[in-house]
Amino acid sequence: MIGSNPTEQSRVIAICLLAGKIMLQSGGETYRVEDTMKRMAAALGLPHSHSYVVPTGIFFSVDATEPAKLIRISERTTDLDKVSEVNAVSRRIGQGELSAQEAHDLLVQIEGKPSSYSTAVQLTAAALSSGCFTIMFGGGWSDFLPALICGGIGYAAVIAFHRLVRVKFFAELTASFVIGLLAFLLIYMGVGHERDKIIIGSVMPLVPGLLITNAVRDLMAGHLVSGLSKGAEAFLTAFAIGTGIAVVFSLFM
C-alpha cells in the first residue's frame, strides 16, 4: 500500500506537484490545478491530500505523513494544450490506465515539450488578429494593413523585450509605445486613415484576456487570494498598455 510506503508517497507527491506546476505555468485556473492534484493523489493511493495554490507557488501535503512540499512558480505563459494534456493524464490515472511511473514519465514529456505554436505562427496570428480587430471596431479596410503591421511588430517587441528585461510590465509598456509610434508614422506616410482604430486593434493581442477570465473564475470559486492577485496582474498589464500609448500621444499630439 502506498499509504504505508514513504518512498511511494514521495513519488506520488512529486507527480502531483509536477502536474500542478505544468498547469499553473500554462495558464490553468487555480481551482482546476488544486482539483487535478487532489484527484491524481487519490487515484494513486493518497486520498487525504491537501493542496493550496496561488499564482506564484504550490503547497501540497498528505496527512502529516510527509512534510509539506512547495514549488515556486516564476514564469507563467498561455499554453492550454499542456493544460489539456495534463487533464488527460489525470483522467487516465483515475481510470487505472497508468501507473505512477508511467504518469511521471508522461508529465516529464509534457513539461519538456516546446510550445505548440512557434514564434512565427504567434506573430502571424497577432498580426492578422490586429487587422481583424481594427475592422471589428469600425475601422476601414484601408486601416487593415497598417494595423496588421503595427500588431505584428508590437507583439514581436513584447517577445524581444521580455527576453531582455524579465519584467512583463516594462516589456508590455515598451511594446505599446512601439505600436503607437508606428501608427503615427504610418498615418503620417499616408498609410491608413483612422489612427485610433489602428491602435486599438493593434494592442488587442497584448490584452490579458485569459488572465482576466481566470481571475473572475477563481473569485467565483472562492479562491480570493489567487483571484485578486491575477486581477492585479491584469490591471498592471492594462496600465502598461495605456501608459505606452499615452506617452506617444503626449509626444505627437
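In the chain, the portion of solvent-accessible area held by carbon and sulfur atoms comes to 66 percent [1.4 Å probe, whole percent, DNA, RNA and ligands not counted].
Which cross-chain or sequence-distant (5 or more) residues have an amide H under 5 Å from the amide H of residue 27, H modelled 1.01 Å from N in plane? Under 5 Å from the amide H of residue 27 lie the amide H atoms of 77, 79, each far enough along the sequence or on another chain. Here is the list for region 73-151: chymotrypsin sites (Phe, Trp or Tyr not before Pro) lying in DSSP coil, each with at most 14 other C-beta atoms within 10 angstrom of its C-beta, are 117. On a 0 to 90° scale, report how tilted helix 168-188 is relative to the longest principal axis of the chain, with both axes built from alpha carbons and the result rounded to the nearest 10. It is inclined by approximately 20 degrees. Stretching the chain fully between residue 99 and residue 121 yields a gain of 4.3 nm (0.36 nm per residue, less the alpha carbon separation). For the chain, the solvent-accessible area of protein heavy atoms averages 51 Å² per residue (probe radius 1.4 Å; ligands and nucleic acids excluded).
Helical content of the chain, expressed as a calculated mean residue ellipticity at 222 nm, amounts to -23000 deg cm²/dmol (DSSP H runs of 4 or more residues, -39,500 (n - 2.57) each, divided by residue number, nearest 500). Once the Cα-Cα distance is subtracted from the 0.36 nm per residue extended length, the residue 159 to residue 243 segment shows a gain of 28.4 nm. Distances between placed amide hydrogens fall under 5 Å for residue 73 paired with 57, 58, all partners being 5 or more residues away or on another chain. Summarising the amide proton neighbourhood of residue 54: residues at separation of 5 or more, or on other chains, whose placed amide H is nearer than 5 Å comprise 59. Ignoring aspartates and glutamates fewer than eight residues from residue 38 along the same chain, none have Cα atoms less than 12 angstrom from its Cα.
In straight-distance terms, cross-link reach from residue 230 covers every one of the lysines whose alpha-carbon lies under 19 Å from its own, apart from those fewer than eight places away in the same chain; here that gives 21, 168.
Mean sequence separation of contacting Cα pairs (under 8 Å, at least six apart), scaled by the length of the chain, corresponds to a relative contact order of 17 percent. In this simple spin-label approximation, residue 188 and residue 14 carry label points 7 Å from Cα along the Cα→Cβ vector, and these lie 5.9 nm apart.
Select from 220, 204, 40 the residue whose mean-square fluctuation is largest in a Gaussian network model of the chain (Cα-Cα springs shorter than 10 Å). Comparing 220, 204, 40 in the GNM, the peak value goes to 220.
The values are calculated or read from the model by the stated rules, or taken from the named source; none is laboratory data. Quantities reported herein were computed from a predicted structural model and do not represent experimental measurements. Positions of Cβ are backbone-derived with ideal geometry, glycine not excepted, and every protein chain shown enters the neighbour counts. When the accessible area is computed, the model is the full protein with side chains, heavy atoms only, and any ligands, DNA or RNA have been set aside. Shrake-Rupley method; radii C 1.70, N 1.55, O 1.52, S 1.80 Å.
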